[in-house]
Each structure stands twice: as structure tokens, then as C-alpha cells.
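Q: One structure coming up, written as C-alpha cells, with questions to follow.
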Amino acid sequence: AALLGDIYRNQLGGDASNGGLTRAMQLACQRLEGAFTLLAVHADQPDVVVAARRNSPLVVGLGDGENFLGSDVSGFIDYTRRAVELGQDQIVTITADSVEITDFYGAPAEGKEYHVDWDPASAEKGGFPSFMEKEIHDQPDAVRQTLLGRSDIHGKLTLDELRVDPELLKHVNKIIVLACGTSAYAGQVAKYAIEHWCRIPTEVELSHEFRYRDPIVDENTLIVSISQSGETMDTLMAVRYAKEQGAKTVSICNTNGSTIPRESDAVLYTHAGPEIAVASTKAFLAQITAAYLLGLYLAQLRGNKFQGEIKDILADLGKIPAKVQRILDNEAQIKELGQSMADAKSVLFLGRHVGFPVAMEGALKLKELAYIHAEGFAAGELKHGPIALIEEGQPVFVVVPSPRGRDSLHAKVVSNIQEVRARGAKTIVIAEEGDEAVKAYAEHVFYIPETPTLLAPLLATVPLQIFALALASAKGYDVDQPRNLAKSVTVE
Ligand code: M6R
């Protein structure tokens, strides 16, 4: 602000007319480095707003006799669904009826207009006490919408928006998923499915670690970034780095027109609708769904799966919304447990296979919302150290794989429950309906509907979200705006 004021007064003589403020913004931006979104108004011309962006989000909303600026479209979808995305290093000058875009040197630039298909009502609480609770309840729809229109009746995936040459995708020999936080856990879940279905080695890496370790990336590497906001700076920088190395980049994103999809070769949107609460819930389920669609598409393209197999998996995915709804219809039991545990000092989460990222996501929800120590572990790792944490009364959530699933995984996790229980843990178990074996060792059991193992995270996560929400609410915390956190992390 000081630089802008100085340029405006001393270089331009303090004249706001004839685009003086816009010119001052251009000159200021030429001297700035790093990432910023700036907005300026002048008292002499209060009907003009000038804004600029570099490596940081800025979107224009086009109204009727009114225009808007926001870091994302949720700021103005109550007023207009027409949005203009600003490019990198651009300046926009808006009045109630004009929008002019230039680059930092004053050259006119074109903004790309697009339609925001979010329903404005979906950005309101819809009768729920918090956005987070509403968004947990939006999850059946988030999955449904993400699946909608992406396959035909024969189970053939038609991901038309994925404008990457199919030949290139056929030659991909490695996938690297880049993401942070909850989105990274969605990536970790997807890794199990993509490797199983496509037989392509798949790594999942936190975006902020990726480019600092000299990763091996080339033109046969497919980068799949996952981001709800599409503005996470760590992920954006990692995607840019991978592009520079020649990789193809696909973005899985929930926010239309945001920076990461814009800078990627292709995008597969999750259609979860606006996620307002800082803690991510419905985006997680939608991200897993979209990543699964991508995995199945690759399997279809590369011939790893017969069409009938893909059709069957899609049919199982299609049943997920109703199953999530059943969990939500029975949320009272897990809510009560959350409320009764408001005094907990530490909660541990164990999971194995796809249940491992679910355990970490359950722990993250509790840290973010309730500010208590929570840790997710791979159940098999227990004996390698974490079991030393178990003492009398220590709450331990265990995400149990289906007894109908692979090999002896179920038995192994049940034996983990026994091990922690024998050392005094209070065991809280998420298991599949009909799994009687866990009952003997669980203080509390929450049953989720039967589903194939790879799809189970779409169900098992839901009780953990409800638990964290209930516990944090019982402590009187603001579940939509937890302390110290921002919805979009637009700085590195
Ligand atoms: O918008 P993104 O998905 O890129 O955000 C990534 C993380 O910042 C985000 O998932 C964060 O961990 C949430 N607060 C989790 O609830």
C-alpha cells in the first residue's frame, strides 16, 4: 500500500482521473516479486476498484450494473454466476458497468468468461448449524454429481474434458499424485486403486516436498494434482515444476476456473459444490471418486480391465451415495460418542491398506477441529513403536477392513484391536455390517454398509468426520473456522 501510494502521489502527481490508479498499480506491480493479490480504491473515485494478481487467486464476477472481485467464486455466487478468470500477472479495473484487464505493463488483455454452475443455495447452511455439518450431509450428492455423465450405459468412461492425447496416456509409465492435507489422503487412497486397476507405479507426494528432492519426472510421467480450492500454492508450484520437467499434468479440482486446473494440461472437476468450512469433508469423497474415474479411464484405455469389469466397478460406485446416506441417517450414535469425549487429550487412529489414509484423515479432522493430539497409524506399524503410546483409557479408533476382503488383512487388524485393548485402550471400531468378530474387542462399534474394499474409504471416513465435528462442537469451538487455519493456503 505504501509503495502504491508513493507511486501514485510522487510519480503520477496524485491524479486519480484518466486511469491514474490503474497506472499506479501497474508501476507498483512491476516492482513487486513473489505472490500477491492487491486491491486498491481511491477516495476521489470510490466507484473504481483496481486489482492485480501474481501467483495468487483473483476472480471477477460479472453482474448486471454491478461487478465483483473475489479470491474465488463463492464470494459472489449469491449475486452472479458469470465469472472471469484473470491470468497470471494481470490487472483488472472494475466499475459497476465496466471491466478492463491489462498486463503489468498496460497492454490490454482478454479475460476468459465462464459460467459457475454451483447452486447458490449450496453455499448456505441449509438449516444445519454449521457449514461443516451441511457439507458432511452433502456427501451423497457430492459423489453422485462427480459420477454423473461420465460413463455410458455400457460402462464406457467418457471423460471428454480430459483433453490429453490418449496415445500419451497409453505410454505413461509412472503417476505422481501431488496434493496437501486431506487432498493428499485422497491421493493415498487412490494409489491403491490406480495401481491395482492400471498396473502403473503410482507415488503420492506432498506438494511442498516434491520439488525440493530432485524428483525423477519425464514426458512419460503423469502428474495428478488434487486440490479442492485449486489455489494451494504448494501444489501449484509443484505442478509448475513438473511441467517444466516435461510431465503431463491432470488436475482433480473442485473450483471451476481456479489456477491449478488452468495451468494443467487437463482437468477432471469434482462436482462437490462449494466447500465453505475450512475442514474438508465432501471434497475428500468427491476427490476419491474423481481419482477412481481417472484410474478406471486409464485402465480402459490401456486395456488393463475388460469393459464389463469397469462397468461393475462403476455400478458399485453408483451405490455409494445411498450407502453414505444410510450412515448419515444413523449418525446419532457416533455424535453421542463425540460429545461424550470432549475431555479426551489424545486419540489414535489405526487403519490398514486403504484404511490407513482413512485413519490419517480421521486424525487430521480431530486436530483441526478439536485441537487435540490425534495421530493416524498404519495398523501393521503398531508393533514397531506406536504401541508404546497405549495406556489405560487411551481412545483408539480402528478402521477394520471387510472380512470378505483380501487375504488375512481382516484377521490381522482384529488382532491389532486385541493388542491395544489388552494394554488398556478404549477401542472404537469402524467395521462392515455383519462383522461379528470385532464385537468382542470393541467398546464401541460403528457399522458401515458392505462395499468392495477399494470403495470402503468413501464410507469409513464419514463416521470419523461426524465424530470430530461432534467432539469439537461439544467443546464449543467454531467448526467452520478453526483457529490458525485458512480455507485456501495461497502462500508457500
Ligand atoms: O484446496 P486444497 O485441497 O489444495 O487444500 C489442501 C489442504 O490445505 C486442505 O485439504 C487442508 O488440509 C484442510 N484444512 C483439511 O481439512
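The values are calculated or read from the model by the stated rules, or taken from the named source; none is laboratory data. What you are looking at is a predicted structure, and each value in this text was computed from that prediction instead of being measured. Positions of Cβ are backbone-derived with ideal geometry, glycine not excepted, and every protein chain shown enters the neighbour counts. The area values use the complete protein model at the heavy-atom level, side chains included, leaving out ligands, DNA and RNA. Shrake-Rupley method; radii C 1.70, N 1.55, O 1.52, S 1.80 Å.
Q: So which chymotrypsin sites (Phe, Trp or Tyr not before Pro) in the stretch 174-214 end up in coil per DSSP with only 14 or fewer other C-beta atoms within 10 Å?
A: Numbers: sites: Tyr185, Tyr192, Trp197, Phe210, Tyr212; in loops: Tyr212.
Listed in order of number, the matching sites are Tyr212.
Q: Nearest 0.05, what FRET efficiency do Asp478 and Glu433 give at R0 = 41 Å with Cβ-Cβ as r?
A: Values: r = 34 Å, r/R0 = 0.84.
The computed FRET efficiency comes out at 0.75.
Q: Roughly what would the spin-label model give for Asp312 and Asp64, points 7 Å off Cα along C-beta, in nm?
A: Inter-label distance under the simple model: 5.4 nm.
Q: What is the spin-label model distance, in nm, from Lys125 to Glu209 if the labels are put 7 Å beyond Cα along the C-beta direction?
A: Spacing of the two 7 Å Cα→Cβ label points: 3.8 nm.
Q: Output the antiparallel fraction of DSSP beta bridges having both residues in the chain, as a percent to the nearest 5. Walk me through the intermediate numbers first.
A: Details: 30 of 70 bridges.
The antiparallel fraction comes to roughly 45 percent.
Q: For Val99, Val438, write out the residues from largest to smallest accessible area, computed with a 1.4 angstrom probe and no ligands counted.
A: Sorted descending by solvent-accessible area, the residues read Val99, Val438.
Q: Once the Cβ-Cβ distance between Asp47 and Ser408 is put in as r, and R0 is 60 Å, what FRET efficiency do you end up with, to the nearest 0.05?
A: Values: r = 71 Å, r/R0 = 1.18.
The pair Asp47/Ser408 has a calculated efficiency of 0.25.
Q: Place +1 on the Cβ of every Lys and Arg and -1 on the Cβ of every Asp and Glu in the chain, take the dipole about the Cα centre, and give the residue among Tyr79, Gln287, Gln481 whose Cα lies farthest towards its positive end.
A: Working it through, the farthest residue towards the positive pole turns out to be Gln287.
Q: Ignoring ligands, DNA and RNA, how do Cys180, Cys253 rank by accessible area with a 1.4 Å probe, largest first? Spell out each step's value before the answer.
A: Details: Cys180 30, Cys253 0 Å².
I get Cys180, Cys253, largest accessible area first.
Q: According to a simple spin-label model (label point 7 Å from Cα along Cα-to-Cβ), what is the distance in nm between Lys174 and Glu100?
A: Going by the 7 Å Cα→Cβ label model, 5.0 nm.
Q: How much length, in nm to one decimal, is gained on full extension between Glu244 and Ser340, taken as 0.36 nm per residue of separation minus their Cα-Cα distance?
A: Contour length minus Cα-Cα distance gives 29.4 nm.
Q: Hey, another quick one. What does the charge dipole of the chain about its Cα centre add up to, to the nearest 20 debye, if the Cβ of each Lys and Arg holds +1 and the Cβ of each Asp and Glu holds -1?
A: Numbers: 47 positive and 65 negative charges, 270 e Å.
Using Cβ point charges on Lys, Arg, Asp and Glu, the chain gives about 1300 debye.
Q: Specify which residue in the list Leu4, Gly34, Gln45 is farthest towards the positive end of the charge dipole of the stretch 2-116, using unit charges on the beta carbon of Lys, Arg (+1) and Asp, Glu (-1), about the Cα centre.
A: Value: Gly34.
Q: Over the chain, give the accessible area per residue in Å² for a 1.4 Å probe, as an integer. Each step should come with its number before you reach the end.
A: Values: 20220 Å² over 492 residues.
Roughly 41 Å² per residue, with all protein chains present.
Q: Which whole-angstrom value gives the distance between the alpha carbon centres of the stretch 132-198 and the stretch 303-328?
A: For the stretch 132-198 versus the stretch 303-328, the Cα centre distance is 13 Å.
Q: Right, here's the next one. By how many nm would the segment from Asp117 to Tyr371 grow when fully extended, if each residue of separation counts as 0.36 nm and the alpha-carbon distance is taken off? Write down the numbers at each step before the final one.
A: Values: separation 254, 0.36 × 254 = 91.44 nm, distance 3.50 nm.
Difference between extended and current length: 87.9 nm.
Q: Here's something else I'd like to know. At a 1.4 Å probe radius, carbon and sulfur cover how many percent of the accessible area of the chain? All intermediate terms of the calculation are to be shown ahead of the outcome.
A: On the way: 9820 of 20220 Å².
Roughly 49 percent, rounded to a whole number.
Q: Only residues of the stretch 394-426 count here: report those whose backbone N is under 16 Å from the spot 7 Å along Cα→Cβ of Glu381, or say none.
A: It comes to 397-399, nothing else.
Q: Also, quick follow-up: Compute the label zone of Phe36 within the stretch 238-281: residues whose backbone N is under 18 Å from the point 7 Å along Cα-to-Cβ.
A: Label zone hits: none.
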